[in-house]
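The values are calculated or read from the model by the stated rules, or taken from the named source; none is laboratory data. Computed from a prediction, not measured in an experiment: that's the story for all the values here. Please note: Cβ atoms are built from the backbone with ideal geometry, for glycine as well, and neighbour counts cover all protein chains shown. Note: areas computed on protein heavy atoms with side chains; ligands, DNA, RNA excluded. Shrake-Rupley method; radii C 1.70, N 1.55, O 1.52, S 1.80 Å.
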Amino acid sequence: CSLNQSNISSNPILDWPQHQQELKQLTAFQASGSLAYFDTKSRYYGRFYIKQLAKNEYQLKLTSPIGTSIFSLSVNPFEAVLTDKNGEKYRNKNVESLVEDLTGMNIPLRNMTDWLIGYANNNDDKIDDSGKLSQTQFKQTDKIWTVTYRKYTDVKFHSNTIDLPSTIFLNSGRSELRLSINNWKIL
Amino acid sequence: DAKDLLKERLAKVDSFYAQFKQTVTTADQQLIQEGQGELWVKRPNLFNWQINEPDETSIISDGLDFWMYTPAVEQLTIMSFKQATDNRLLMLITDSNSPVWQDYRVERKQNQFTLLPTDNSQKSYMISVLPTGMIADFAIIEEDGQKSVYELSHQTLGPIDNQRFRFIAPPGTTIDDQRNN
């Protein structure tokens, strides 16, 4: 069997920059899994599918557990269009307010292209012992979101593999979002 | 006609258990979700739809109300039968004289029946039922062409204890009771 480079690397601080470089090349991918959302007023559960073609150009579909559509969102750098389950279309430049107006969920979608794949570049980022991001923070208008990466999984990438998040917790103090990703595919 | 034949076939099986594989695809055949689980059905109006993969969701009908439990958010949503529009197909499967039948016309090709809403705002359904009454698969089809298909397997007929169609929420569960509001 092939000698598998063990996950616990010799010097995590050295490996993180290399992982960051790899993540920077990763712009087109598909991911699906489940999403749980909590805030003071409501709780919410759905299954998500995302197909990202380029940075800030993606499709996001949310379905109920039995597979019926809740909404589908298509975003490009200029505009976001949301189609609800009755086929009604809504447009907005700001994707976050579009989703919040319609579903009540405040999801930090503008930074998703980074936090979904476990990329960040701040000096107070926390790195785990295998050179991957374990916690980071970013500002969204008036809130600070804390992103915690609980689990990673390795995914085929060119002729090699790359570790991508499979369990992500995001918390803004007022709301919490839990994603479990059970299917990654790099395009 | 096709509707009567479908009702007749469905009525042949009083209660059954089956495992299922679920796939959700968009109109342009993109696979967006996959799931697995089990299903208990007992006529009239009793079903327990247990989705196990990718994570757990329980949808239980005790004939009066409709319980949807999602451990991931520790929440139980309760709806009356009429409100639970997402699950009309199972209501049709489990009750031949449900008023919901009037909202659909039925077309047939061999063992495959298609239920088309008469007021085209609703979803349409497809269900394959053998002459014996056994269900092979069913699907929920949305107006935009998105399709959630359930392939059944390990079907076993026979009595099921009514206990299977009751739900008791674990302590700490948030109850979202949407009945009659």
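Between chains B and A, what is the buried accessible area summed over both chains (1.4 Å probe, protein heavy atoms, nearest 100 Å²)? Chains B and A together bury approximately 2200 Å². Rolling a 1.4 Å probe over the heavy atoms of the protein chains gives chain A an accessible area of 50 Å² per residue.
Against the longest principal axis of chain B, how steep is helix B:2-11, in degrees 0 to 90 to the nearest 10, with axes from Cα atoms? Taking the Cα atoms of chain B, the angle to B:2-11 is about 50 degrees. Solvent-accessible area per residue in the stretch B:29-74 equals 36 Å², computed with a 1.4 angstrom probe and all protein chains kept. In loop segments of the stretch A:36-95 as defined by DSSP, the GluC sites (Glu not before Pro) with at most 11 further C-beta atoms inside 10 Å of their C-beta are A:GLU88. Which is farthest toward the positive dipole end of the protein assembly as shown among B:GLN163, B:GLN102, A:ASN94, measuring Cα position about the Cα centre, with Cβ charges +1 (Lys, Arg) and -1 (Asp, Glu)? Checked the options; the winner is B:GLN102.
With r as the distance between the Cβ atoms of A:LYS185 and B:LEU130 and R0 = 35 Å, compute the FRET efficiency 1/(1 + (r/R0)^6) and round to 0.05. Rounded to the nearest 0.05, the efficiency is 0.45.
For the stretch B:112-181, the square roots of the Cα gyration tensor eigenvalues, ordered a ≥ b ≥ c, give a/c of at least 1.5 with a/b no greater than b/c, which places it in the oblate category. Placing a pseudo-label 7 Å from each Cα along the Cα-to-Cβ vector at B:THR173 and A:VAL81 gives an inter-label distance of 4.1 nm. Helical content alone sets the calculated 222 nm signal of chain A at -4000 deg cm²/dmol, taking -39,500 (n - 2.57) per DSSP H segment of four or more residues and averaging over every residue.
Once you reduce the stretch A:70-85 and the stretch A:129-187 to the center of their Cα atoms, the two points are 22 Å from each other. For the stretch B:123-162, heavy-atom accessible area (probe 1.4 Å) falls by no less than 30 Å² from the chain alone to the full protein assembly at B:GLU142, B:GLN146.
At full extension, B:GLU56 and B:ASN180 could sit 42.0 nm farther apart than now, given 0.36 nm per residue minus the alpha carbon distance.
Legend: residue pairs A:LYS41/A:LYS61; A:LYS156/B:LYS123; A:LYS41/B:LYS82; A:LYS24/A:LYS85; A:LYS143/A:LYS185, Cα-Cα distance threshold 27 Å; pairs beyond threshold, A:LYS156/B:LYS123; A:LYS24/A:LYS85; A:LYS143/A:LYS185.
Using just its DSSP H runs of length 4 or more, each adding -39500 (n - 2.57), chain B gives a mean residue ellipticity at 222 nm of -2500 deg cm²/dmol after division by all residues. Summarise the accessible area of the protein assembly as shown (1.4 Å probe, protein heavy atoms) by the percent that is carbon and sulfur. That fraction is 49 percent.
Between helix A:12-25 and chain A there is an angle of about 50 degrees, using the helix long axis and the longest principal axis of the Cα atoms. In a DSSP loop and with at most 13 other Cβ atoms within 10 Å, the chymotrypsin sites (Phe, Trp or Tyr not before Pro) in the stretch A:54-119 are A:PHE78. Spin-label model, A:ASP128 to B:ARG105: label points 7 Å out along the Cα-to-beta-carbon direction sit 5.7 nm apart.
Remark: the stretch A:103-187 carries a charge dipole of roughly 280 debye about the Cα centre, counting +1 on each Lys and Arg Cβ and -1 on each Asp and Glu Cβ. Here the Karplus relation 6.51 cos²θ - 1.76 cosθ + 1.60, evaluated at θ = phi - 60°, turns the backbone of the stretch B:80-94 into coupling constants of 7, 3, 5, 6, 7, 5, 4, 10, 5, 4, 6, 5, 5, 4, 9 Hz, with x for every Gly and Pro. If you take the square roots of the eigenvalues of the alpha-carbon gyration tensor of chain A and sort them as a ≥ b ≥ c, do you get rounded (a/c under 1.5), prolate (a/b over b/c) or oblate? Prolate, since a/c reaches 1.5 and a/b exceeds b/c.
Measuring heavy-atom accessible area with a 1.4 angstrom probe and counting protein chains only, the residues of the stretch A:63-102 that give up at least 20 Å² relative to the chain alone are A:THR63, A:PRO65, A:ILE66, A:GLY67, A:THR68, A:SER69, A:LYS85.
Under the classification rounded if a/c is under 1.5, otherwise prolate if a/b is larger than b/c and oblate if not, where does the stretch A:85-160 fall, given a ≥ b ≥ c as square roots of the Cα gyration tensor eigenvalues? The shape class here is oblate.
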